[in-house]
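Trainee: My questions will all concern the structure given below.
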Amino acid sequence: MRRFYKTVSAEPVGRGHAIRLDDRAVKTPARAELVLPTPALAATVAAEWDAQHDRIEPRAMPLTGLANAAIDRVAPDPAAFAATLAAYGETDLLCYRADGPNELVARQAQCWDPLIDWAQQRYDVEFEIVHGVMHRPQPPETVARLGDAVRAYDPFQLAALQPLVTITGSLILALALAEGEIDGRAAFDAAHLDEMWQIEQWGEDELAVRAREVRSADFRAAARFLGLLV
């Protein structure tokens, strides 16, 4: 779509901030008005629209995309959306450890054990740690309490959590990032520990590098979105 507007603004409306293009309200794909909950997020989304040139490139506006998702996909049924994220607690990446070689086992323990300890204390839960790939169910109380933690987030927070959880495969990492226990770079690196170890052993693959760069960009956008909600 060609750029059809000259000016972009973020204006207070009710309990939020609406994005205006030449004084016209921006609409989501489902035709709801694009209203953001904080001034910081509204200003950043407005800056994405203002940075477009002759053509509007949605890929260059990741925070707008997350805001659209929060309004169109999450807000109609937050509980159902939260349930899909909470399910990752049953097979969390951090609970599945290598059974060798010793260097990788030690590296996983050094990086992941503090996060497991934090989650156990924060949510009063216990995790089953598995060495190998065979699935082992987590205690029902753990799954239930993590589900309660996710359901406590609002639609905009849930929209940001979704890529954080799916890119890392870890609900624990996403919650730690959301609660300020870990920063975005450390969370992304923790999720890719196994991949980086393999690179050290066998070298880099160009296609894998490109895929990781795309994941990293999406992850950074979601982490930034979440931070702008404070």
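Trainee: Using the Cα centre of the chain as the reference point, and only Cβ charges (+1 on K/R, -1 on D/E), how large is the resulting charge dipole? Debye, rounded to the nearest 20. Each step should come with its number before you reach the end.
Mentor: On the way: 23 positive and 34 negative charges, 236 e Å.
Dipole size: approximately 1140 debye.
Trainee: Determine the shape class of segment 148-230: with a ≥ b ≥ c the square roots of the Cα gyration tensor eigenvalues, call it rounded for a/c under 1.5, and otherwise prolate if a/b is greater than b/c, oblate otherwise. Before the final figure, lay out each step's value.
Mentor: Numbers: a/c = 2.63, a/b = 2.07, b/c = 1.27.
It is prolate, given that a/c is not under 1.5 and a/b is the larger ratio.
Trainee: So, one more: Which value, in Å to one decimal place, does the Kirkwood hydrodynamic radius take for segment 1-114 when every pair of different Cα atoms is included?
Mentor: On the way: mean 1/r = 0.0585 Å⁻¹.
The Cα-based Kirkwood calculation yields 17.1 Å.
Trainee: With helices defined as uninterrupted DSSP H runs, which ones in the chain have an alpha carbon span along their own long axis of at least 24 Å and mean Kyte-Doolittle hydropathy of at least -0.5?
Mentor: Values: long enough: 102-123 (30 Å, -0.80); 206-227 (31 Å, -0.08).
Both cut-offs are met by 206-227.
Trainee: Further question on the same structure: Based on the alpha-carbon gyration tensor of segment 8-61 and its eigenvalue square roots a ≥ b ≥ c, which shape applies: rounded if a/c is under 1.5, prolate if not and a/b is larger than b/c, or oblate? Kindly include the intermediate steps, with their values, before the conclusion.
Mentor: Values: a/c = 1.75, a/b = 1.47, b/c = 1.19.
In terms of gyration-tensor shape, prolate.
Trainee: First check a/c for segment 78-227, with a ≥ b ≥ c the square roots of the eigenvalues of its C-alpha gyration tensor; if it is under 1.5, answer rounded, and if not, answer prolate when a/b is larger than b/c or oblate otherwise. Kindly include the intermediate steps, with their values, before the conclusion.
Mentor: Values: a/c = 1.94, a/b = 1.21, b/c = 1.61.
Note, shape of segment 78-227 comes out oblate.
Trainee: Using a Gaussian network model of the chain with C-alpha springs under 10 Å, which one of Ile172, Ile129, Ile19 is most mobile by mean-square fluctuation?
Mentor: The residue with the greatest mean-square fluctuation here is Ile129.
Trainee: Just want to confirm a number: the relative contact order over the chain, from Cα pairs under 8 angstrom separated by 6+ residues, in percent.
Mentor: On the way: 294 pairs, mean separation 46.7, N = 230.
Over the chain, the number comes to 20 percent.
Trainee: While we're on this one: Compute the semi-axes of the equivalent ellipsoid of segment 71-128, taking the square root of 5 times each eigenvalue of the Cα gyration tensor, and list them largest first in whole Å. Walk me through the intermediate numbers first.
Mentor: Details: eigenvalues 187, 37, 17 Å².
With the √(5λ) rule applied to segment 71-128, the semi-axes are 31, 14, 9 Å.
Quick note: the coordinates plus some simple rules give every number you see, no bench work behind them. Remember, it's a predicted structure, so these values are computed and weren't measured experimentally. Heads up, the Cβs are rebuilt from the backbone with ideal geometry, glycines too, and the neighbour counts pull from every protein chain shown.
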